[in-house]
1. Given the options Q315, Q337, Q181, which has the most mean-square fluctuation in a GNM of the chain, springs set between C-alpha atoms less than 10 angstrom apart?
2. Each residue of segment 295-312 in order: what ³J(HN,Hα) in whole Hz does its phi give by Karplus 6.51 cos²θ - 1.76 cosθ + 1.60, θ = phi - 60°, with x for Gly and Pro?
3. What number, in percent, do you get for the relative contact order of the chain if the mean sequence gap of Cα pairs under 8 Å and at least 6 apart is divided by its residue count?
4. Loop by DSSP (not H, G, I, E, B), at most 13 other beta-carbon atoms within 10 Å: where is the longest site-free stretch of the chain for GluC sites (Glu not before Pro)?
5. Based solely on its DSSP helices, what 222 nm [θ] is calculated for the chain when runs of n ≥ 4 H residues each add -39,500 (n - 2.57) and the sum is averaged over all residues, nearest 500 deg cm²/dmol?
6. I want to check the label-to-label distance for N155 and R132. Put each point 7 Å from Cα in the C-beta direction and report it in nm to one decimal.
7. What's the angle, to the nearest 10 degrees (0 to 90), between helix 366-377's Cα axis and the longest principal axis of the chain?
8. Using θ = phi - 60° and the Karplus curve 6.51 cos²θ - 1.76 cosθ + 1.60, what whole-Hz ³J(HN,Hα) does each residue of segment 211-217 get, with Gly and Pro shown as x?
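Derivation of every value follows stated rules applied to the coordinates shown; laboratory data play no part. Given the structure is predicted, the values throughout are model-derived calculations rather than measurements. Methodologically, a virtual Cβ is constructed for each residue, glycine included, from the backbone with ideal geometry; neighbour enumeration extends over all protein chains shown.
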Amino acid sequence: MIKTKLLNIGKDIHTVINELLQESDVLNLTQISPDFQCPAELSKLAEKYFRKGYNQYAHVDGLLELREAISENMDELYGVKYSPINEITITAGATQAMFTAISTFVNEGDEVVLFEPAYSSYVPAIVNSGGRPVFVQLKRPDYYIDWDEVQKIINTRTKLIIVNTPHNPTGSILSEEDIAQLRKITNGTKILVISNETFEHIVFDKRKPQSVSGNAQLAERSIVISSFGKTFNIPGWKIGYCLAPEKLMSQIRKSNMFQINSVNTPLQYALADYLRTEIDYSIIAKPYEENRNLVLDRLMNSRFEIVPSKGTFYQLLDYKAISDEKDTEFARRLIDQIGVALFPLSVFYHDSVDNKMIGMCFNRNKEIMEDACERLKKLNPIR
């Protein structure tokens, strides 16, 4: 029998549902690739560099021009300065950056604090490195962090705390007070922080994105990970980046160089040029916010209880008034009875906590969202 470190790790829920729905006419609100197109100018730049033959390896740490553009953006958006030479690394997407950062710092017996429901890639990376995930449940109804609970589980074995803002899959966001609490808990310790900020520009209701990098003391011990995929609707390009102080980045690069060697060269050039154009980051969230509002409006008088998403393109729906089925069973019934695919939230908990909550991705076109909401609204109680 072949032994594996990830014996109990399977496919993520989005992959499972997408495979289930192949060649069906079910309205799929679990797909994580948006229906929206990337900016036309960015497409033109990509074509330009493909045609020019920029097909050789880029620098192992990423194209310098792109790292410089990211550095300028961070200064402009958050007022923080990262050295493009020593503190920024281009990665093959955010998931790879997360895996690399976790595996760089986690050793056998180390504990990693993470908040559930949690994005599916964190635990495999921790377990694969010999670490032990320590789970803290986000508190309902709006999925906030109880920092007193976090403080109680911190000990000498705690190596990392992983945060995610805006949060996948609940749509919650960290506040300035949350950032201050995180700094307070880690102050005077050797604990590092990894902050997944891939949805940083998809926040709603005139909120401003928060980054751990905006707190000087916290930034000294933090690895910030983001991606261009969500920001510019190019998830298939798989280009992300990692920001960290030089003392941490030097260690990350030792792992990164042997994992990927190089990231897509012509697309890095395209992004470097595009980042230096006049980008209005304030409008990036607009189509997603319009779709979120559409969902809230259409389902307002339904049997679902809804706490509005504050960011990302995920919206959770409480279905207790409709059914007492397990969320996995309820999600399957929705596919079979009304032809709408939503994801069960329990799969994002290590012990499959079932709060009668399902979720949707509202990154589809408006016609699909309208149709799906109409079907959901007419759903009769199922007992």
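1. Q337
2. Karplus values, whole Hz, x for Gly and Pro: 4, 4, 5, 5, 9, 4, 9, 8, 7, 7, 9, 10, 9, x, 4, 9, x, 6.
3. On the way: 700 pairs, mean separation 88.4, N = 383.
Relative contact order here is 23 percent.
4. Details: sites that count: E23, E108, E278.
Of all site-free stretches, the longest is 109-277.
5. Values: 14 runs with 143 residues, N = 383.
Mean residue ellipticity at 222 nm (helix-derived): -11000 deg cm²/dmol.
6. Taking the simple label geometry, N155 and R132 are separated by 0.6 nm.
7. Once rounded, the angle reads 40 degrees.
8. Coupling constants for segment 211-217: 10, 4, 5, x, 9, 4, 5 Hz.
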